[in-house]
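A.B. asks: Okay, here's the structure, questions in a sec.
The values are calculated or read from the model by the stated rules, or taken from the named source; none is laboratory data. As the structure is a prediction and not an experimental result, all values here were calculated from the model. We place every Cβ from the backbone using ideal geometry, glycine too, and count neighbours over all the protein chains shown. We work out accessible area using only protein heavy atoms, side chains counted, and drop any ligands, DNA or RNA first. Shrake-Rupley method; radii C 1.70, N 1.55, O 1.52, S 1.80 Å.
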Amino acid sequence: LAKRVRVDCAEPSCGVLSSSPVSMYMKGMLSASCAGFVMLWLSPSAAFAGGGQGAVRPMARRAASLGHQLVRMKAAPTNGANVKAALEANRVRLDAMSSACPDVSELTRLRFALAFPIQSEALANLKETVAWRTGAGAAIVASAEAAVAKATAGGGWDNEPVLSAAPHAAVINRYISSKNILTLSTASGDLLYVIRASGIDDRAMMDKVSVPQMVEFFLYVKEVHSLVANERSARTGRLCGVVFANDVTGVRSIPDSRFSKALSTSSEQYEKLYPSMAGQTMILNLPFILQAFVGLIKPLFPKTVQDRLMFESAPVLAKLTELTPLTTDPTSRKSFLAEVTKLLR
């Protein structure tokens, strides 16, 4: 599998390190070079999209904030779990969820059970997801399902149907390509979502599309990932997910605020709509000047992210001027995947 995909991130809330000019400068560097452009991932304070095809609205009866909800989620990645054993261990909970949501697959119910140890929260989130998939997100879900069916019709993977069926693809695909974002497979079978933020002309792109349109595009990509990961999990018996590789190489400025909002919104929804899907999140090739601040950066993220957050060096990836060789050059791909396998040990 070597298909192009899109950035999965959300902007964290950065606290003030100190009030000195040097510290304030470093805070700006952290926001621009690390948090702002690379780890735009799972902000507990980000709001849901107010409209658009992919909008998800929180349940009115739920008193807890999304931030508190995410804290209650299981923080450790569940990628790699034995599907059969996990189904048996959670049988009572899964059967109870089936009674309330009979059209939801057993594997999807398992992901909710693993993510939310409290049954009432697992069921509430599952019901909200079903409401989105049959309502505001129905067109996205249908498009992704049809595109994946066409992509796999020949027994392999044809990426063209997936690319062309994406919401607003005619515009967005001019800016998002295999040069800056793509998906590979790890040796263990997880999807590996590789992002080089410096290769995206986000300002030019956001002049052409709206934030809701960008959110729809991202949610479509997440749905494609989910379909592939679930099919692979059912086929192999190993619970597969998505490992994120955020390459900071070449980052020189903060992202466009509209792009950040779209990323933040879609990533908040990712936790709700696709629980137990996200695996380790690697920040790769962090500039030397920021490496000393890793200990200060990590606590700024929610607990659900901290436990799977890694800051590492990836020399093979850093040497590439763009990501395309990872799909076209077997030697480059093999070297990078070996590098990733070593980092994930």
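A.B. asks: Is it the case that Val242 is out of contact with any Phe, Trp or Tyr (no Cβ under 8 Å at 6 or more places or on another chain) and in contact (Cβ under 8 Å) with a residue 24 or more places away in the chain?
C.D. replies: no
A.B. asks: Still on this structure, I have one more. Could you list, in sequence order, the residues of the range 284-300 that are crowded, with 17+ Cβ neighbours inside 10 Å and in contact with a Phe, Trp or Tyr (Cβ under 7 Å, 6 or more places away or on another chain)?
C.D. replies: Leu286 - this is the single residue of the range 284-300 that is crowded, with 17+ Cβ neighbours inside 10 Å and in contact with a Phe, Trp or Tyr (Cβ under 7 Å, 6 or more places away or on another chain).
Residue-by-condition table, conditions (1) assigned to a helix (DSSP H, G or I); (2) at pLDDT 95 or above:
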| residue | (1), (2) |
| --- | --- |
| Ala55 | no, no |
| Leu70 | yes, no |
| Leu94 | yes, yes |
| Ala122 | yes, yes |
| Leu126 | yes, yes |
| Thr129 | yes, yes |
| Arg133 | yes, yes |
| Ala139 | yes, yes |
| Ala153 | no, yes |
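A.B. asks: Separate question: Report yes if Arg235 is farther than 19 Å from Arg133 by Cβ, surrounded by 15 or more Cβ atoms within 10 Å (Cβ to Cβ) and of a type in the set (D, E, K, R), otherwise no.
C.D. replies: Judged against the criteria, Arg235 is not a match.
A.B. asks: Run down Ser178, Ser188 and say which single residue is part of a loop (DSSP other than H, G, I, E, B), surrounded by 19 or more Cβ atoms within 10 Å (Cβ to Cβ) and not aliphatic (A, V, I, L, M).
C.D. replies: The conditions single out Ser178.
A.B. asks: Answer yes or no as to whether Val141 is of a type in the set (Val, Ile, Thr), open to solvent by less than 30 Å² (accessible area, probe 1.4 Å) and under 30 Å from Leu309 (Cα atoms).
C.D. replies: It is true that Val141 is of a type in the set (Val, Ile, Thr), open to solvent by less than 30 Å² (accessible area, probe 1.4 Å) and under 30 Å from Leu309 (Cα atoms).
A.B. asks: With the condition kept exactly as written, say whether any residue in the range 241-250 is within 19 Å of Ser178 (Cα to Cα) and charged (D, E, K, R).
C.D. replies: Checked against the condition, which is being within 19 Å of Ser178 (Cα to Cα) and charged (D, E, K, R), the range 241-250 yields at least one hit.
A.B. asks: Quick check: is even one residue across the range 265-286 more than 15 Å from the chain's Cα centre (by Cα), farther than 21 Å from Ile140 by Cβ and in contact (Cβ under 8 Å) with a residue 60 or more places away in the chain?
C.D. replies: Yes; the residues of the range 265-286 include at least one that is more than 15 Å from the chain's Cα centre (by Cα), farther than 21 Å from Ile140 by Cβ and in contact (Cβ under 8 Å) with a residue 60 or more places away in the chain.
A.B. asks: Okay, moving on. How many of the residues making up the range 101-138 are more than 19 Å from the chain's Cα centre (by Cα) and open to solvent by 50 Å² or more (accessible area, probe 1.4 Å)?
C.D. replies: 11
A.B. asks: Taking helices (runs of 4 or more DSSP H) that fall entirely within the range 242-345, which contain at least 2 residues that are of a type in the set (Ser, Thr, Tyr) and within 27 Å of Trp132 (Cα to Cα)? Steps first, please.
C.D. replies: On the way: elements: 257-273, 288-291, 294-297, 303-306, 315-318, 325-328, 330-344.
Here the list reads 257-273.
A.B. asks: With Leu163, Leu227 as the choices, which residue is under 21 Å from Tyr270 (Cα atoms), surrounded by fewer than 22 Cβ atoms within 10 Å (Cβ to Cβ) and at pLDDT below 95?
C.D. replies: Leu163
A.B. asks: Being open to solvent by 10 Å² or more (accessible area, probe 1.4 Å) and among the polar types (S, T, N, Q) is the filter here; which residues of the range 240-259 pass it?
C.D. replies: Matches in the range 240-259: Thr249, Ser253, Ser257.
A.B. asks: Mind checking which residues of the range 161-192 are at negative phi and of a type in the set (Gly, Ala, Ser)? Let's see the steps before the verdict.
C.D. replies: Taking the range 161-192 and keeping what is at negative phi, we get 161-167, 169-188, 190-192.
Correct list: Ser164, Ala165, Ala166, Ala169, Ala170, Ser177, Ser178, Ser185, Ala187, Ser188.
A.B. asks: Search the range 127-142 for residues that are touching a residue at least 60 places away in the same chain (Cβ under 8 Å) and pair each with any residue that is open to solvent by 50 Å² or more (accessible area, probe 1.4 Å) and of a type outside the set (D, E, K, R) when their beta-carbon atoms are under 6 Å apart and the residues are at least 6 apart or on different chains.
C.D. replies: From residues that are touching a residue at least 60 places away in the same chain (Cβ under 8 Å), the pairs are Ala139/Gln53.
A.B. asks: Among Thr341, Thr324, Thr331, which is the only one that is among the polar types (S, T, N, Q) and surrounded by 15 or more Cβ atoms within 10 Å (Cβ to Cβ)?
C.D. replies: Details: Thr341 fails: surrounded by 15 or more Cβ atoms within 10 Å (Cβ to Cβ); Thr331 fails: surrounded by 15 or more Cβ atoms within 10 Å (Cβ to Cβ).
Only one candidate passes the filter, namely Thr324.
A.B. asks: May I pose another question? When you scan the range 303-327, how many residues do you find that are among the polar types (S, T, N, Q) and under 20 Å from Gly250 (Cβ atoms)?
C.D. replies: 4
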